[in-house]
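Engineer: Please see the structure below; I have some questions.
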Amino acid sequence: MTEEKKKQDQTQKPLEANPQAAITDAEKADIRTPLSEAIRKFKKQKNSVIALCFILFLVLVAVVGYYLVPFGINQYDYNAILQGPSGKHLFGTDEFGRDLFSRIVCGTRISLAVGLSAVTVGAICGTILGLLSGYYGGIIDSIIMRICDTLFAFPGIILAIAIVAVLGSGLYNVVIAVAVFSTPTFARLVRSRTLALKEAVFVQAAKSMGASDMRILFKHILPGAIPEIIVQYTMSVGTSILTASSLSFLGMGAQPPTPEWGLLLSNGRNYLLESAHITLFPGLAIFFTVLSFNIFGDGLRDALDPKLTD
Amino acid sequence: MLKYTCKRILGMIPTLLIVVTFVFFFVRMIPGDPARLVAGEQATLEDVENVRVSLGLDKPIPVQYAKYVTGLMKGDLGMSLRTKRPVTKEISTRYVNTMKLTFISLFWSAVVGVALGVWSGIHRGKWQDYLGMAMAVSGISMPSFWVGFLLIMAFSVKLGWLPTTGASSWKAFILPAITLGVHIAAVVARFTRSSIIETMQEDYVRTARAKGLTERVVIWKHAFRNSLLSVVTVVGLQFGFLLGGAVVVEAVFAFPGLGSLLIESVNYRDYPAIQSLILIFSLQFVVINLLVDMLYAYLNPEIKLQ
Amino acid sequence: MKRFVVILLVLAALAVAACGGSSTPEKKSAGGGASVSQNTDVTSAVNVDFTTMDPQDTNDTLSGGIQRMMMDGLFGFDDNMKIYPMLASGYKANADATEFTITLRQGIKFSDGAAWNADAALANISKWKGEGGIKLRRTSFLSNVIKSASKVDDYNIKIILNKPFGAFISNLAHPACVMMSPKVLAKGNEACAHNPAGTGQYKFVEWVAGDHLKLALNKEWWGYDAKLCGGKALAEKDAGFKTITFKPVAESATRVAMVQSGDAKIIWPVPTENMKSLEKDSKVKVYKDEGIVVRYVFMNNQKKPFNNLKVRQAIDYAINKEAYIKVVKNGLGSVATSVIGPKVQFYKGNTPVKYDPAKAKELLKEAGYPNGFTAEMMFSSTTANQKQAEFFKQQLGEVGINVVLKGMESAVVNQKVDSVDVPGEKAEVQMYLIGWSPSTGDADWGLRPLLAKESVPPHSYNISYFLNDELDKYIKQGLESADPKVRKEAYAKAQDLVWKEVPLICLSNDFNTWATDAHITGVKIYPDGAINMKNAKMSS
């Protein structure tokens, strides 16, 4: 740190009447913006970069996998039931003779879609609630925080089950359920950031200039909370995917013949003893996906944390 | 201290009442008729109506509500629609089982998690850190039912060392406790690690080292002591969740705990049981929060109890 | 002289030893002592928890089966669902099937000391009639049928029905009608539900709901005594276990693991997927036998396109029933040859149609659906149903019928299908998956609740909304006579009609599956799915 400062001092020239020169000099001085700093730090963590690549790979699979798989997801073959992994069927076949590899690949789209959309909805709702709660305080704050506390009081899975019980099973309702229990986490997070930023000088300045509340919230305060939101987002995706597959496992999520990973695992439990591959591969798929989101999230958190220096 | 505790406990009561009322009406929103479920397969309409009367479900809703709430005051949680026994009886054995499982899981995972977290934290950036954190991040990424099945396959079926189900002997608690504990140990390890890293950078640690204390004393007597707060919060949170959130693990191991009772009660639309269980979960959570707060105050006298 | 006395004494001692029977429990005895088996405690894992011990409040086969182990009825079913007299020794009926005089077996006591006689029988019948307030799950079973019951003498009773009911004896053989000790009846329904006492092979010990149920052997059971049984004993002398503990374990993979590890000695049912691997295990013996559960695909006969006979026939041709058994039931079933199973009283078989998707498409074209159609299939989302549903979707997809699967929680399905009270054409259900077994073992209970006009939802299970006066006529004829010849003919005509009109697709007769430790023999399952441990024993 001290060396960089020395470098800056050396290159700094006394202010001239030419502002343009001053700017180019500043650029040459390699001033680091928070964003580039974060990216630099992130790139240094090899495993997070690998995780990110894996995630991008998964997204690619989700988009094009459907068209490239060797077998259809519902292509059954009653003469090839419950076969173990082979050259023809990389992950083996299931109880209807369907190729497990193709089903898992196509399930990527579903799991990612459910995980990402649920957390996105939760993040958006939570952020809005957090902003309002932190900025306005008073009654709004009390009500919102009370609701969040109540939601926090229940284990996530119980909450999800309750919601699915009322709305009915199926993936749409799973998304809603997971979004609902993700919301309080984001709300709390954004609220504390808002409380901190509310008093910052630049916010006071904008206020005194007559900026509207909405403008202040979204143009000034929100950007300050974004790094934490992003980190929480990636961590929540992992939980979201796990919860969705748990719900499918309990029979409340995806319905057959959807190749959702949790449902595939749930089917597999009847064949645990003889055809373990049906349980093994979907479980691995869930594991690696959630793992990569978590590692990526860790890397992001470390990169965005101003306290963690090299 | 005592006054504070009493105030907190009294403050819980209105919250709990709200929860009870909310749940009472919420469960009746769920589609499904408990009378028909209890009457079961091959029941004719007449059977269903007979059952409805015998369960008291033909009375108007306000009457049912009043009955339930007055019962609560007396400590009576109502009669289970599914088993026709008092809900208190249904819950009591399961509660004990869940408590035991929770304590065992929490104990081993807290110990392992803290140890792993400290170990990783003090060797930050080196291979110990990477290994420890790799294990931790894997722990939070594994679906619990998958872990459960793998353990059953390995230790129950192939090796025959441990029973697969139930809560009959102490042995039956081992596999579920491992399955539940994996996730918790991982979370605790991660938290402990960041906490230790933070405290290790504090001035008082440098002072302690400068004073010439051994590294071990520095770590455990100073850095860790101050991380204890975060660790306690995390462990406390997990405790709250374990008491009801072990639903999936209970399903895999056929463990007779509170989580599976909730699922069965929901499947049967057993209103009194569902209401009482949710009430108990909320109560537990509030109590644990209180205990954690009190522990906080004890560990860090600077925190004033308002 | 002295030597002679010694020899005499020795001989006398030997004679006494021989006559006295065994005293050491470990030896297998020829006399009246306990066998190895009868000194062994056994654990069994079952798939759901018991609901109650009161037969009049029971609707699940599991609880009913266990009650049958503790309590006997006037009549019972043998291993093949044939009725035979148990606590009754015989009966007479009038031609109209409105009066039944039943003779009771003598020399039997309940496990709590009460005597089995006309008074005890009447106490039970009074409960069947619904006297004493609270109506239970099975009260309607006989309460609408019995007009009055009276004592002729200590061992003879007369029951008068308020309408002709030919299936009355079958109803008496139903598990809901096993006899509870009058002492327990006097204590009320709570006692019946939690502390039963009967005349059965086993005695109730304790029931910790959710954890286990324990029974102990009743060595004085009348069924062991050939003389009391009127010739042949109901069970072999050394059959039975000292105690049996039943544990509910919902997860089938876990139950299978338990029988393999020895944690459980008896399990049922065995999921069809696990039969093969259990067969390979030398520590376990696996069994299968045809039951009376039949699996159906119901179609709403009042709604398009299912109101067209050709459409229904097309679906019948489009489903490969052999493949169904192979893929969905893992080979554990037999193709259905009637709407009721072969072991049901008055069954008449017909030839199932051969799998012919080409013919199916042709029939659909004739019916006006050359490009098929879309339909919803509802079912309660158990793993077994999900598997079936996917199979049907695949099969019907081949002939152009796009099936949208709608699996729901039981409670929701009940709401949407069983509890609705609208005419068939307005009902939501289009196709529905269900299995049914007539628990009385009689054709009446296999046909009437599923296909009679009076049985449309919400009354009973005619979810096919089949409204056919001719069928109702045959059902009535069968019900209102006690003459087996008349009943047989009526039900034959009924089954032929159902086969012709195809209001529902009959798929298969389920096999019952069970597994025991290799040292255990004699455990069976009744065709209705209930456990049968009469002659079960553990060899050394």
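Engineer: Assuming a viscosity of 0.890 mPa s and a temperature of 25 °C, what translational diffusion coefficient in µm² per second does Stokes-Einstein assign to segment C:242-388, Rh being the Kirkwood radius over Cα pairs?
Structural biologist: 133 µm²/s
Engineer: Next question. Report the label-to-label distance for residue C:206 and residue B:127 in nanometres (one decimal), using points 7 Å from each Cα along the Cα→Cβ vector.
Structural biologist: 5.6 nm
Engineer: Then there's this: Expressed as an acute angle from 0 to 90° and rounded to the nearest 10, what is the orientation of the C-alpha long axis of helix B:2-27 relative to the principal long axis of chain B?
Structural biologist: Computed tilt is about 50 degrees.
Engineer: If R0 is 35 Å, what FRET efficiency do you get for residue B:206 and residue B:171 from their C-beta distance, rounded to 0.05?
Structural biologist: Computed FRET efficiency for residue B:206 and residue B:171: 0.10.
Engineer: Taking the Cα centre of the protein assembly as shown as origin, sum charge times position over the Cβ atoms of Lys and Arg (+1) and Asp and Glu (-1), and report the length of that vector in debye to the nearest 20.
Structural biologist: Once rounded to the nearest 20, the dipole reads 1700 debye.
Engineer: Output the peptides A:162-170, A:216-224, A:186-194 sorted from most to least packed, where packing is the average of other Cβ atoms within 10 Å over each peptide's residues. Please report the intermediate quantities before stating the final value.
Structural biologist: Values: A:162-170: 19.8, A:216-224: 17.0, A:186-194: 23.0.
Highest mean packing first, the order is A:186-194, A:162-170, A:216-224.
Engineer: Another question, if that's okay. What is the P(r) of segment A:157-222, as percent of Cα-Cα pairs per 5 Å bin from 0?
Structural biologist: Calculated P(r), rounded to whole percents: 3, 16, 18, 12, 10, 9, 10, 10, 7, 4, 0.
Engineer: Is the shape of chain C rounded, prolate or oblate, going by the alpha carbon gyration tensor and its root eigenvalues a ≥ b ≥ c, with a/c under 1.5 for rounded and a/b larger than b/c for prolate?
Structural biologist: Prolate is the answer for chain C, as a/c is 1.5 or above and a/b outweighs b/c.
Engineer: If you average the sequence gap of Cα pairs under 8 Å that are 6 or more apart and divide by the length of segment B:1-127, what percent do you get for the contact order?
Structural biologist: Here the relative contact order equals 11 percent.
Engineer: Provide the per-residue ³J(HN,Hα) series for segment B:180-191, in order, calculated from phi with Karplus coefficients 6.51, -1.76, 1.60 and θ = phi - 60°, each as a whole number of Hz, with x at glycine and proline positions.
Structural biologist: Couplings: 5, x, 3, 5, 5, 4, 5, 4, 4, 4, 5, 4 Hz.
Engineer: Can you put B:200, B:294, C:538 in order, fewest other beta carbons within 10 Å first?
Structural biologist: Ascending number of Cβ neighbours within 10 Å: B:294, B:200, C:538.
Engineer: Between C:434, C:395, C:377, whose Cα lies farthest towards the positive end of the dipole of segment C:296-434 when Lys and Arg beta carbons carry +1 and Asp and Glu beta carbons carry -1, centred on the Cα centre?
Structural biologist: Value computed over the given set: C:395.
Engineer: What is the average number of partner chain Cβ atoms found within 10 Å of a Cβ in A:148-157?
Structural biologist: 6
Engineer: Can you give the convex hull volume of the alpha carbon atoms of segment C:386-540 per residue, in Å³?
Structural biologist: Normalising the Cα hull of segment C:386-540 by residue number yields 167 Å³.
Engineer: Related question: Treat the count of other C-beta atoms within 10 Å as a stand-in for reagent exposure and order C:172, A:68, C:396, B:290 from fewest to most.
Structural biologist: So the ranking, lowest neighbour count to highest, is A:68, B:290, C:396, C:172.
Engineer: When the chain is fully extended, how far beyond the present Cα-Cα distance does residue C:39 get from residue C:163, taking 0.36 nm per residue of separation?
Structural biologist: My answer for the length gained is 39.7 nm.
Engineer: Evaluate E = 1/(1 + (r/R0)^6) for residue C:190 and residue A:90, where r is the Cβ-Cβ distance and R0 equals 51 Å; express this FRET efficiency to the nearest 0.05.
Structural biologist: 0.30
Engineer: Need one number: nm distance between label points at residue B:58 and residue B:8, each 7 Å from Cα along Cα→Cβ, rounded to one decimal.
Structural biologist: Those two pseudo-labels are separated by 4.9 nm.
Engineer: Report the charge-dipole magnitude of segment A:165-235 in Debye, nearest 20, computed about the Cα centre from +1 at each Lys and Arg Cβ and -1 at each Asp and Glu Cβ.
Structural biologist: 160 debye
Engineer: Relative to the Cα centre, what is the charge dipole magnitude of segment C:273-374, using +1 at the beta carbon of each Lys and Arg, -1 at the beta carbon of each Asp and Glu, and rounding to the nearest 20 debye?
Structural biologist: The dipole magnitude comes to about 100 debye.
Engineer: Any chance you could list P(r) for the protein assembly as shown, counting all Cα-Cα pairs in 10 angstrom bins from zero, rounded to whole %?
Structural biologist: Binned Cα distances yield the sequence 2, 8, 16, 20, 19, 14, 9, 6, 3, 2, 1, 0, 0, 0, 0, 0.
Engineer: How far is the Cα center of segment B:253-279 from the Cα center of segment A:146-188, in Å?
Structural biologist: Computed from Cα coordinates, the inter-centre distance equals 18 Å.
Engineer: Would you mind giving the mean number of other chain beta-carbons within 10 Å of the Cβ of each residue in A:247-253, as a whole number? Spell out each step's value before the answer.
Structural biologist: Working: counts 1, 0, 7, 5, 9, 4, 0.
Per-residue shielding by partner chains comes out at 4.
Engineer: Restricting things to alpha carbons, tell me how big segment B:163-292 is in terms of Rg and Dmax, in Å.
Structural biologist: 20.1, 66
Engineer: When you have a sec, figure out the Kirkwood radius of segment B:224-289 from all distinct Cα pair distances and drop it here in Å to one decimal?
Structural biologist: Over segment B:224-289, the inverse of the mean reciprocal pair distance is 13.1 Å.
Engineer: Taking a ≥ b ≥ c as the square roots of the eigenvalues of the Cα gyration tensor of segment C:308-430, is the shape rounded (a/c under 1.5), prolate (a/b larger than b/c) or oblate? Write out the running numbers ahead of the final one.
Structural biologist: Values: a/c = 1.38, a/b = 1.06, b/c = 1.30.
The shape class here is rounded.
Engineer: Further question: Pick out, from C:523, C:275, C:333, the residue whose Cα sits farthest towards the positive end of the charge dipole of chain C, with +1 on the Cβ of Lys and Arg and -1 on the Cβ of Asp and Glu.
Structural biologist: Sorting the options by dipole projection puts first C:523.
Engineer: Here's something else I'd like to know. Please compute the modelled spin-label separation between residue A:146 and residue C:374, points set 7 Å along Cα→Cβ, answer in nm with one decimal.
Structural biologist: It works out to 4.6 nm between the two label points.
Engineer: I'd like the per residue volume of the convex hull spanned by the Cα atoms of chain A, given in cubic angstrom. Could you put the intermediate results ahead of the total?
Structural biologist: Numbers: hull volume 57.0 nm³, N = 310.
Each residue corresponds to 184 Å³ of Cα convex hull volume.
Engineer: Alpha carbons only, please: Rg and Dmax for segment C:35-80, in angstrom.
Structural biologist: Every Cα atom of segment C:35-80 included, Rg and Dmax give 13.0, 36 Å.
Engineer: Under 1.5 on a/c is rounded, so check that first for segment C:107-201, then, if it is not, pick prolate when a/b is larger than b/c and oblate when it is not; a ≥ b ≥ c are the square roots of the alpha carbon gyration tensor eigenvalues.
Structural biologist: oblate
Engineer: Per 10 Å bin from zero, what fraction in whole % of the C-alpha pairs of segment A:36-110 is there, up to the bin with the longest pair?
Structural biologist: 19, 34, 22, 14, 8, 2
Engineer: Moving to a separate point now. Read phi for every residue in segment B:79-89 and hand back ³J(HN,Hα) as whole Hz from Karplus 6.51 cos²θ - 1.76 cosθ + 1.60, θ = phi - 60°, with x for Gly and Pro.
Structural biologist: Couplings: 9, 5, 5, 7, 9, 6, 10, x, 4, 4, 5 Hz.
Engineer: Once the other residues with Cβ under 10 Å from the Cβ of residue B:262 are scored (Lys, Arg +1; Asp, Glu -1), what is the net sum?
Structural biologist: Overall, the nearby charge balance is -2.
Engineer: On to the next question. Which FRET efficiency value, to the nearest 0.05, do you get for residue C:382 and residue A:212 by plugging their Cβ-Cβ distance into 1/(1 + (r/R0)^6) with R0 = 60 Å?
Structural biologist: FRET efficiency, residue C:382 to residue A:212: 0.60.
Engineer: Based solely on C-alpha atoms, express the radius of gyration and the Dmax of chain B in angstrom.
Structural biologist: 23.8, 85
Engineer: Using the Karplus curve 6.51 cos²θ - 1.76 cosθ + 1.60 with θ = phi - 60°, what ³J(HN,Hα) values do you get for each residue of segment C:151-167, in whole Hz, with x for Gly and Pro?
Structural biologist: So the J values, rounded to whole Hz, are 8, 8, 7, 4, 10, 9, 10, 10, 10, 10, 9, 8, 7, x, 8, x, 8.
Engineer: Then there's this: Enter the mean number of other protein chain beta carbons within 10 Å of the beta carbon of each residue in C:254-265, as an integer.
Structural biologist: Counting Cβ atoms of other protein chains within 10 Å of each residue's Cβ and averaging gives 6.
Engineer: I'd like to compare A:70-81, B:42-53: which one has the highest average count of other Cβ atoms within 10 Å, and what's the full order after that?
Structural biologist: Final packing ranking: B:42-53, A:70-81.
Engineer: Relative contact order of segment A:224-266: what whole-number percent is it, with Cα pairs under 8 angstrom and at least 6 residues apart?
Structural biologist: Averaging sequence separation for qualifying contacts and normalising by length gives 29 percent for segment A:224-266.
Engineer: Let me check I have the definition right: for segment C:407-451, take the eigenvalues of the Cα gyration tensor, multiply each by 5, take square roots. What are those semi-axes in whole Å, largest first?
Structural biologist: On the way: eigenvalues 104, 39, 16 Å².
Result for segment C:407-451: semi-axes of 23, 14, 9 Å.
Engineer: Taking 10 °C and 1.306 mPa s as the conditions, I'd like the Stokes-Einstein D for segment B:261-303 in µm²/s, using the Kirkwood hydrodynamic radius from alpha carbon pairs.
Structural biologist: Reported coefficient: 131 µm²/s.
Engineer: Amide H to amide H, which residues 5 or more places from residue B:79 or on other chains are under 5 Å from it, using H placed in the peptide plane?
Structural biologist: Residues meeting the amide H criterion: B:87.
Engineer: Okay, moving on. What Kirkwood hydrodynamic radius, in Å, does segment A:78-225 give when the mean of 1/r is taken over all pairs of distinct Cα atoms and then inverted?
Structural biologist: 18.3 Å
Engineer: Determine Rg/Rh for segment B:96-187; Rg is computed over alpha-carbon atoms and Rh is the Kirkwood hydrodynamic estimate from the same atoms. The partial results should precede the final answer.
Structural biologist: Values: Rg = 14.6 Å, Rh = 14.0 Å.
For segment B:96-187, the value is 1.04.
Engineer: Also, quick follow-up: If contacts are Cα pairs under 8 angstrom and at least 6 residues apart, what is the relative contact order of chain C in percent?
Structural biologist: 20 percent
Engineer: Ok, one more. Among C:462-468, C:152-158, C:125-131, how do they line up by average Cβ neighbours within 10 Å per residue, starting with the highest?
Structural biologist: My ranking of the peptides, most packed first, is C:462-468, C:125-131, C:152-158.
Readers should treat all values here as calculations from the given coordinates under stated rules, not as data from a laboratory. In this text, all values refer to a predicted model and were calculated from it rather than measured experimentally. Heads up, the Cβs are rebuilt from the backbone with ideal geometry, glycines too, and the neighbour counts pull from every protein chain shown.
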